[in-house]
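What follows is one structure encoded as structure tokens, with my remarks underneath.
Please treat every number below as a calculation from the coordinates, not as lab data. In this text the structure is predicted, and so the values were computed from the model without any measurement. Here the Cβ is made from the backbone with ideal geometry for all residues, glycine too, and neighbour counts use every protein chain on show.
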């Protein structure tokens, strides 16, 4: 539902970028960047998502503006779900793990998952 | 009485309006799908933080070549899907059939590689449950990682199976030359679904396969 027919050349360019980004993210995972490792992985995934959504899913070309409201609503609600779940996990009282788990291997470095 | 137009449902004035309604309907569905997968992603991040060692060990146990190959396969399938939509927009029947078949083929390759991975994990007792075995210090907590792995890849694979089914439906219609530049909403809308499933995998790949790889 774009109203315009996008050229195959554009699609091929997007496809090439996606392939390069996939190999890049797999390569970067083998470098020790500390906290930047997951940051790089998610940043590249977000760029790839944007490429797919904007070009392959025609978000960039659609003349139905309401589509942007639908997309934004989906992402906003996802952000709310994640933000409020995580604030709860970080700030609430400790959750005691089920019995056999911490005894055998206490591998958690997160205070809420440690027994009192 | 207005003259009836082929493929136009009675509640719509024009084919274009019908196409727009279907398009927005699919986007609304995809917004709910964001929430569906988003809930699992949120849980994944919490447990990855809590049991990072187990998640890193579990992730390294997965075969990176399979994950990378499947990512490339899905990206190619999105490319062939968008070319099928392009062929529908321009009314090329052979292009539609060819690109739909290519997309179905790549989707099936993805599921095949996934099946191979699952078989390996079953063989190695890495399926959470009574028979679970994971050598090293993470005998118990690695089950959490593999629970997320099977839940996320399982739901994703189910979406792929549904996608291939929808493509079969499109293929039959394309074969019968039912799609014209004015009337091809089905290809366009199922294309959106296929690309969305690709996007879910774009996030699953780094989250499941690329945890702490450098160590």
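Can you put A:7, A:17 in order, fewest other beta carbons within 10 Å first?
Numbers: A:7 10, A:17 15.
Fewest to most other Cβ atoms nearby, the residues stand as A:7, A:17.
Give the dimensionless ratio obtained when the Cα radius of gyration of segment A:1-62 is divided by 2.2 N^0.38 Å.
In units of the 2.2 N^0.38 Å rule of thumb, it is 1.35.
Can you give me the convex hull volume of the Cα atoms of the protein assembly as shown, divided per residue and expressed in Å³?
Dividing the Cα hull volume of the protein assembly as shown by its residue count gives 145 Å³.
Based on DSSP H runs of at least 4 residues, each adding -39500 (n - 2.57), what is the mean residue ellipticity at 222 nm of the protein assembly as shown after dividing by all its residues, to the nearest 500 deg cm²/dmol?
Details: 10 runs with 231 residues, N = 331.
About -24500 deg cm²/dmol.
Across the residues of B:83-92, average count of Cβ atoms on other protein chains within 10 Å? Working shown, then result.
Working: counts 4, 0, 7, 5, 1, 0, 4, 1, 0, 0.
Per residue, the average neighbour count from other chains is 2.
Within 10 Å of each residue's Cβ, count the other Cβ atoms and sort B:60, A:48 from fewest upward. Intermediate values should be presented prior to the final figure.
Values: B:60 15, A:48 24.
By the 10 Å Cβ count, ascending, the order reads B:60, A:48.
Please give the Cα centre distance for segment B:97-155 versus segment B:36-50, rounded to the nearest Å.
So the two Cα centres are separated by 18 Å.
Need one number: nm distance between label points at residue A:32 and residue B:16, each 7 Å from Cα along Cα→Cβ, rounded to one decimal.
6.1 nm
Between residue A:72 and residue B:111, what FRET efficiency comes out of the Förster formula 1/(1 + (r/R0)^6) with R0 = 35 Å and r the beta carbon distance, rounded to 0.05?
Numbers: r = 32 Å, r/R0 = 0.92.
Computed FRET efficiency for residue B:111 and residue A:72 comes out at 0.60.
I need the per residue convex hull volume for chain B, using only the alpha carbons, in cubic angstrom as a whole number. It would help to have the intermediate numbers written out before the result.
Values: hull volume 26.6 nm³, N = 215.
About 124 Å³ per residue, rounded to a whole number.
Rank the residues A:8, B:123 as a footprinting-exposure proxy: fewest other Cβ atoms within 10 Å of their Cβ go first. Before the final figure, lay out the partial values.
On the way: A:8 13, B:123 9.
Going from least to most buried by this count: B:123, A:8.
How high is the FRET efficiency between residue A:79 and residue B:5 when r is their beta carbon distance and R₀ equals 35 Å, given to the nearest 0.05?
Numbers: r = 42 Å, r/R0 = 1.20.
Taking R0 as 35 Å, the efficiency between residue A:79 and residue B:5 is 0.25.
Please give the FRET efficiency for residue B:124 paired with residue A:63, using the beta carbon to beta carbon distance and R0 = 35 Å, rounded to the nearest 0.05.
Values: r = 52 Å, r/R0 = 1.49.
After rounding to 0.05, the efficiency reads 0.10.
I'd like the Kirkwood hydrodynamic radius of segment B:37-147, using the inverse of the mean 1/r over distinct C-alpha pairs, in Å.
On the way: mean 1/r = 0.0611 Å⁻¹.
Mean inverse Cα-Cα distance, inverted, gives 16.4 Å.
Within 10 Å of each Cβ of B:182-195, how many other protein chain Cβ atoms are there on average? Could the numbers behind the result be given before it?
Details: counts 0, 0, 0, 1, 0, 0, 4, 1, 0, 3, 7, 1, 2, 7.
Per residue, the number of nearby Cβ atoms from other chains is 2 on average.
Going by the alpha-carbon gyration tensor, a ≥ b ≥ c the square roots of its eigenvalues, is segment B:109-215 rounded (a/c under 1.5) or, if a/c is not under 1.5, prolate (a/b greater than b/c) versus oblate?
In terms of gyration-tensor shape, prolate.
What average number of partner chain Cβ atoms lie no more than 10 Å from the Cβ of the residues making up B:35-47?
On the way: counts 5, 0, 1, 9, 4, 0, 3, 8, 1, 0, 5, 9, 4.
Per residue, the average neighbour count from other chains is 4.
Roughly what angle does helix B:93-123 make with the longest principal axis of chain B, taking Cα atoms, 0 to 90 degrees, to the nearest 10?
Value to nearest ten degrees: 20.
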